[in-house]
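Chemist: Supplied in structure tokens, the structure appears directly below.
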Amino acid sequence: MNKVPNMISGKDLDYFSDMFSWNFTASKVAYNFSEMVTDEEVKNKLNEVAMMHANICRKLVRKSKN
């Protein structure tokens with residue numbers, strides 16, 4: 001099969017849901033830790049990690065709407 005179907009299976013949807021959950025949780029955890037630390041360098045890196053995971057969540061949501 002050379003052409004991708006215009007639908008996703010229930011199994012695929014479950015996997016997308018899991019990916020979203022993993023990345024959403026990672027984003028929240030990184031952000032919460034960034035609020036607790038006093039070292040600015042660590043705080044900035046944790047915020048970068050939080051944003052990276054949040055961006056992945058946004059991409060997953062956009063892909064599911066297409």
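The values are calculated or read from the model by the stated rules, or taken from the named source; none is laboratory data. Worth saying up front: this structure is predicted, and the values here are computed from it rather than measured. A quick note on method: Cβ atoms are made from the backbone with ideal geometry, for glycine too, and the neighbour counts reach across all protein chains shown. The area values use the complete protein model at the heavy-atom level, side chains included, leaving out ligands, DNA and RNA. Shrake-Rupley method; radii C 1.70, N 1.55, O 1.52, S 1.80 Å.
Chemist: Determine whether the range 40-62 contains at least one residue that is touching a Phe, Trp or Tyr at 6+ places or on another chain (Cβ under 8 Å) and β-branched (Val, Ile, Thr).
Modeler: There is at least one residue in the range 40-62 that is touching a Phe, Trp or Tyr at 6+ places or on another chain (Cβ under 8 Å) and β-branched (Val, Ile, Thr).
Chemist: For a quick check of your reading of the model, give me the residue pairs whose first member lies in the range 15-38 and is farther than 13 Å from Ala50 by Cβ and loosely packed, with under 11 Cβ neighbours inside 10 Å, whose second is at pLDDT below 95 and among the β-branched types (Val, Ile, Thr), with beta-carbon atoms closer than 9 Å and at least 6 apart or on different chains.
Modeler: none
Chemist: Between a residue in the range 40-64 that is within 12 Å of Val29 (Cα to Cα) and in a helix (DSSP H, G or I) and any residue that is of a type in the set (D, E, K, R) and open to solvent by 50 Å² or more (accessible area, probe 1.4 Å), which pairs come within a Cβ distance under 8 Å, given they are 6 or more apart or on different chains?
Modeler: Between residues of the range 40-64 that are within 12 Å of Val29 (Cα to Cα) and in a helix (DSSP H, G or I) and residues that are of a type in the set (D, E, K, R) and open to solvent by 50 Å² or more (accessible area, probe 1.4 Å), the close pairs are Ala50/Lys28.
Chemist: Which of the residues spanning the range 45-66 are open to solvent by 80 Å² or more (accessible area, probe 1.4 Å) and either in contact with a strand residue (DSSP E or B) (Cβ under 7 Å, 6 or more places away or on another chain) or not charged (D, E, K, R) (or both)? Explain how you work it out, then say what you get.
Modeler: Start the filter on the range 45-66 by keeping residues that are open to solvent by 80 Å² or more (accessible area, probe 1.4 Å), which leaves 45, 48, 51-52, 58-59, 62-66.
Of everything in the range 45-66, those that are open to solvent by 80 Å² or more (accessible area, probe 1.4 Å) and either in contact with a strand residue (DSSP E or B) (Cβ under 7 Å, 6 or more places away or on another chain) or not charged (D, E, K, R) (or both) turn out to be Met51, Met52, Ser64, Asn66.
Chemist: Something else about it: Which number in (1) among the β-branched types (Val, Ile, Thr); (2) loosely packed, with under 13 Cβ neighbours inside 10 Å; (3) in contact (Cβ under 8 Å) with a residue 12 or more places away in the chain marks the one condition that Val4 misses?
Modeler: (3)
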